[in-house]
Amino acid sequence: MLWTSQGGTHRVAWMCEGARRLAICPGMLLSEATALTGSRKLSAEPWDKQADDKALEELGRWCHQFTPSVALDTEKPGDCLLLDITQSAAVFGAEERVAQLLLAQLAAKRILAQGAIAETPGAAWAVAHFAPQFSRVPSSSQVPPSHTPVAPLPPQRNQPSKKTSRSSPPADELSEPTTPPRYRREHPEDSSRSSQGVFPCEPLLIVPSGHAVEALQPLPPEALRVDEVATGWLRELGITTVGQLMKIPPEELIQRFGPGILHRWKQAIGEVQEVLHFLPEAEDLTGQWDFEYPTSLRAEIATAFAEILKQLIHRLSTRGYGILGLRGFIRGEKRMLNSFEVGLFRPCVKWVHLKGILEARLEGISLPEPVYLVELQVTQTAPLSQDQGSLFEGLGTRCSPAKWAELFDRLCSRLGPQAVLQVELTEELLPEYSYCLVPGALGSRNPGVQGSQKRDSAIRGANPGSKERKPRSKRGEADWGFRKHSGGAPCDWPPRPIRLFSPPVAIAAIALGAEGPPAQFVVSGRRYPVLRSWGPERLETGWWRGHLIRRDYYRVETASGEQFWVFRSLDTGQWFLHGSFD
Amino acid sequence: MSGLPCIPLASSCIQYQRLQFLREQMARLEEAWHRSPRLGTVSTGWPEFDRMLPSGGFLWGSLVEWLSPGDGSGVMSLALRAVASACSRGSFLIIFDSLGEFYPLGAFYLGIPPENLVIIRPKNERDKHWALVQTLRGAEGCIVVASLQRLDSLSFRRLQLAAERGGSLGVFIRPPGARPEPSWAEVRLWAEPISAKKGTFAGGLIASRRWQIQILRCRGKWQPSQILEIELDAQTPTVRCFPQLAHPEIFARVTTSA
């Protein structure tokens with residue numbers, strides 16, 4: 001189950017079929033959804049829309065093997081790819097075969113997709129998204145293809161066709177074997193693999209040429225990609241299908257709902273052309289260096305990489321693009337010796353900088369035997385950005401985004417992205433959960449750095465186990481309600497130590513009262529008499545964390561002036577040293 | 001040495017005078033260097049402390065060395081508080097945290113915005129020194145804070161040159177054992193907490209904490225042993241500076257002679 005934040009509350013965005021069976025639906029409060037699951041184990045993760053979009057774009061580029069015309073659905077973004085497979089039919093034999101191959105390969109990649117072929121993108125989108133809800137048939141793993149009802153096809157299809165595919169719930173969850181006769185269902189070619197338990201394939205939906213109107217009529221108005229407000233009005237008026245909608249005279253439709261619905265209808269039936277923005281085809285940016293004699297000298301290997309890099313940079317820079325990601329391969333006589341990846345924060349074509357990063361990366365790579373061949377591949381590119389120079393550049397001025405990016409590229413290449421961290425505060429009070437460290441994540445902060453480089457694996461404070469935590473809003477002021485002094489720190493906040501020990505160190509302490517501060521404590525055999533103390537500050541975990549943790553924290557000052565942060569666990573009464581005010 | 005005036009050798013304290021003279025010469029040269037218009041400064045936020053420094057703050061492109069008595073002494077907090085004003089104006093703070101124990105909320109409390117904080121966790125000392133050189137050289141207008149136990153003179157010089165070239169400010173927390181070692185830092189400071197028992201807390205709040213800061217070495221000012229007391233209020237993280245009171249023995253001698 002994936003959730004998203006809307007108006008300060010966590011709401012369900014997407015869910016698996018198992019969760020759907022428990023009556024969990026999109027838009028439901030996460031707490032309600034969790035309550036519905038009862039004792040069942042339900043994994044809830046925050047929805048990363050950017051990562052989803054990126055993955056869909058990558059999938060679109062992968063689809064270039066079937067057709068060069070692959071577009072993302074810009075009207076209803078999120079889960080759909082639009083492919084123009086008209087010309088591909090000549091290569092693969094038939095349009096159906098292209099789609100069947102694509103679905104089968106997606107299934108092999110464990111991606112469950114619903115495919116539809118139609119004359120227009122609008123019709124294909126509508127059928128792919130809404131037709132299965134009217135007539136779900138058992139998947140190929142459950143029912144042999146011969147059992148699938150097939151509608152008659154016209155003998156020739158000369159119209160350009162569009163095919164759309166979208167991710168769907170697992171096929172083994174579907175039921176209700178009724179099929180409307182307005183479109184045909186075709187099973188992917190190698191559905192036998194599915195029946196062997198590899199991964200199920202959804203059947204392909206085909207809208208015969210000239211039958212778009214008939215195919216669309218039983219579908220709900222949402223199938224026309226109209227906004228939610230309009231569909232809400234239509235639902236209130238009792239209009240539940242496109243057929244009912246189209247019975248309304250066009251003039252009245254425009255007068256009541258604006259031109260949007262009619263325009264969508266015309267696009268779906270092909271009366272109005274729809275502009276698609278096709279993804280640019282990825283160029284194979286790879287270079288190889290074959291050594292005349294095998295070598296183990298790192299300097300030679302680095303030089304070979306640098307030469308390949310020079311050629312790749314030349315090819316890219318002429319188009320105004322820079323390198324964002326590199327992958328290197330080092331091959332021996334019979335096997336791959338090593339491979340590495342380099343990610344950059346900002347598109348770059350500076351040979352010296354990239355060469356330095358590669359050299360730093362090569363330093364940490366082991367070479368068990370002589371190298372025969374090295375290969376360098378550009379995995380990610382982006383348009384180069386231009387920076388405005390400053391009139392007052394000099395010492396003490398803030399580092400430019402380009403310099404930042406170069407510095408962090410260098411640091412991440414040698415130390416690893418997990419060693420370069422930025423802080424996000426959270427709303428939790430318990431010290432371990434009160435912050436998370438984002439590896440190499442300057443993207444969202446530094447305007448000159450690529451946001452896409454933000455890593456998705458944040459280190460959650462001192463305890464990486466927790467996951468469902470929301471980063472606190474900027475500086476935490478709004479959420480915590482603290483006043484701030486001019487320096488930027490909260491005024492009403494009890495001091496926090498500079499060092500936090502993870503896990504807290506159990507100490508032997510003597511307290512004067514059952515609930516008072518310690519009078520002295522012993523750490524590593526050294527006795528610390530406490531001269532002054534402040535507290536207690538009671539910190540507890542939220543109920544949603546399951547196991548309740550309750551602690552009384554004290555800031556204590558020893559006789560020699562050192563200050564430490566100790567707490568007593570209210571469950572066990574044990575004292576712990578949690579931090580020091582270094 | 002031909003340009004220097006002749007120093008009287010017959011004096012009984014000839015060596016002392018010679019040293020004094022050389023110190024003054026050095027101070028004059030360094031003072032001229034400090035007045036160079038190309039250098040900016042980072043104000044510590046404590047006007048009394050800024051006045052003790054020849055440039056009126058920590059210089060960009062230099063190193064500052066804090067000698068700390070040990071864990072819990074609060075010297076790191078002082079060092080961070082001294083650069084917090086620069087961070088709140090947009091400078092990034094890069095912290096080297098080899099032990100993985102740095103607690104960002106502690107820095108946030110001292111006035112360092114979390115969005116301007118970068119933590120680097122090198123795996124070993126070699127990587128740490130490499131990364132220090134890289135950040136000091138590459139992060140112009142940034143403040144680099146690291147705790148360094150061992151630092152040989154050559155590495156120290158390398159870091160100083162990197163900071164000078166990069167225009168960043170390096171702040172190093174060193175153990176007390178580093179005091180006799182040579183330093184390439186612009187300013188070397190000794191700070192120790194004053195415990196409630198021996199300290200004078202007249203006027204201070206109960207929750208406050210006080211340190212005694214001594215400038216051991218400062219380029220451009222040769223007089224050592226300038227001492228300042230600084231108090232950090234725990235409830236409202238403000239800082240007060242207290243003038244150093246005369247030593248009781250000196251006070252007794254002066255009053256007796258009067």
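The values are calculated or read from the model by the stated rules, or taken from the named source; none is laboratory data. Being a predicted model, the structure only gives us computed values, none of them experimental. All Cβ positions, even for glycine, are placed from backbone atoms using ideal geometry, and neighbour counts span all protein chains on display. Accessible surface areas use protein heavy atoms only, side chains included; no ligands, DNA or RNA. Shrake-Rupley method; radii C 1.70, N 1.55, O 1.52, S 1.80 Å.
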Quiz prompt | Unmet criterion (only one of (1) within 11 Å of chain A (Cβ to nearest Cβ); (2) open to solvent by 10 Å² or more (accessible area, probe 1.4 Å); (3) more than 21 Å from B:Leu53 (Cβ to Cβ)) for B:Ile173 | solution = (3)
Quiz item: Of all residues in the range A:35-72, how many are open to solvent by 50 Å² or more (accessible area, probe 1.4 Å), touching a residue at least 40 places away in the same chain (Cβ under 8 Å) and farther than 23 Å from A:Leu82 by Cα?
Solution: 5
Quiz item: What tally of residues in the range B:45-80 results from selecting those that are in a loop (DSSP other than H, G, I, E, B) and more than 9 Å from chain A (Cβ to nearest Cβ)?
Solution: 6
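Residues are listed down the side, and each one gets a yes or a no for (1) among the aliphatic types (A, V, I, L, M); (2) within 16 Å of A:Ser569 (Cα to Cα); (3) in contact (Cβ under 8 Å) with a residue 12 or more places away in the chain:
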position: A:Pro504; (1), (2), (3): no, yes, yes
position: A:Leu512; (1), (2), (3): yes, no, no
position: A:Tyr528; (1), (2), (3): no, no, yes
position: A:Arg532; (1), (2), (3): no, no, yes
Quiz item: Is it the case that the range B:157-167 has a residue that's facing chain A (nearest Cβ under 9 Å) and among the aliphatic types (A, V, I, L, M)?
Solution: no
Exercise. List the number of the failed condition for A:Leu29; all other conditions in (1) modelled with pLDDT under 85; (2) more than 30 Å from A:Gln380 (Cα to Cα); (3) loosely packed, with under 15 Cβ neighbours inside 10 Å; (4) not polar (S, T, N, Q) hold.
Key: (1)
Practice problem: Filter the range B:104-137 for residues that are more than 7 Å from every other protein chain (Cβ to nearest Cβ), of a type outside the set (A, V, I, L, M, F, W, C) and within 22 Å of the chain's Cα centre (by Cα) and give the result. | Solution: B:Asn116, B:Lys128, B:His129, B:Arg137
Quiz item: Restricted to the range A:246-261, and to residues that are closer than 21 Å to A:Glu228 by Cβ and part of a loop (DSSP other than H, G, I, E, B), which residue is most open to solvent (accessible area, probe 1.4 Å)?
Solution: A:Pro259
Practice problem: Considering only residues that are in a loop (DSSP other than H, G, I, E, B), within 13 Å of chain B (Cβ to nearest Cβ) and open to solvent by less than 30 Å² (accessible area, probe 1.4 Å), look in the range A:495-526 and name the one that is modelled with the lowest pLDDT. | Solution: A:Pro495
Practice problem: Kindly check whether there is at least one residue in the range A:544-556 that is under 24 Å from B:Gly106 (Cα atoms), open to solvent by 10 Å² or more (accessible area, probe 1.4 Å), out of contact with any Leu (no Cβ under 8 Å at 6 or more places or on another chain) and at pLDDT 85 or above. | Solution: yes
Quiz prompt | Single condition B:Leu159 does not satisfy, out of (1) over 24 Å from A:Glu427 (Cα atoms); (2) out of contact with any helix residue (DSSP H, G or I) (no Cβ under 7 Å at 6 or more places or on another chain); (3) among the hydrophobic types (A, V, I, L, M, F, W, C); (4) open to solvent by less than 10 Å² (accessible area, probe 1.4 Å) | solution = (2)
Quiz item: Which condition number does A:Gln311 fail, the rest of (1) open to solvent by less than 30 Å² (accessible area, probe 1.4 Å); (2) of a type outside the set (Val, Ile, Thr); (3) not in a strand (DSSP E or B) being met?
Solution: (1)
Exercise. State the number of residues belonging to the range B:83-127 that are in a strand (DSSP E or B) and either open to solvent by 20 Å² or more (accessible area, probe 1.4 Å) or among the charged types (D, E, K, R) (or both).
Key: 0
Quiz item: Could you say whether any residue in the range A:476-493 is within 14 Å of chain B (Cβ to nearest Cβ) and modelled with pLDDT of 80 or more?
Solution: no
Quiz item: Just a yes or no: is a residue in the range A:535-555 within 14 Å of chain B (Cβ to nearest Cβ) and more than 47 Å from the chain's Cα centre (by Cα)?
Solution: no
Self-check item: Criterion (open to solvent by less than 70 Å² (accessible area, probe 1.4 Å), under 30 Å from A:Pro208 (Cβ atoms) and out of contact with any Gly (no Cβ under 7 Å at 6 or more places or on another chain)) met by exactly one of A:Leu337, A:Leu276
Solution: A:Leu276
Quiz prompt | Number of positions in the range B:143-156 that are part of a strand (DSSP E or B) and either touching a Pro at 6+ places or on another chain (Cβ under 9 Å) or open to solvent by 10 Å² or more (accessible area, probe 1.4 Å) (or both) | solution = 1
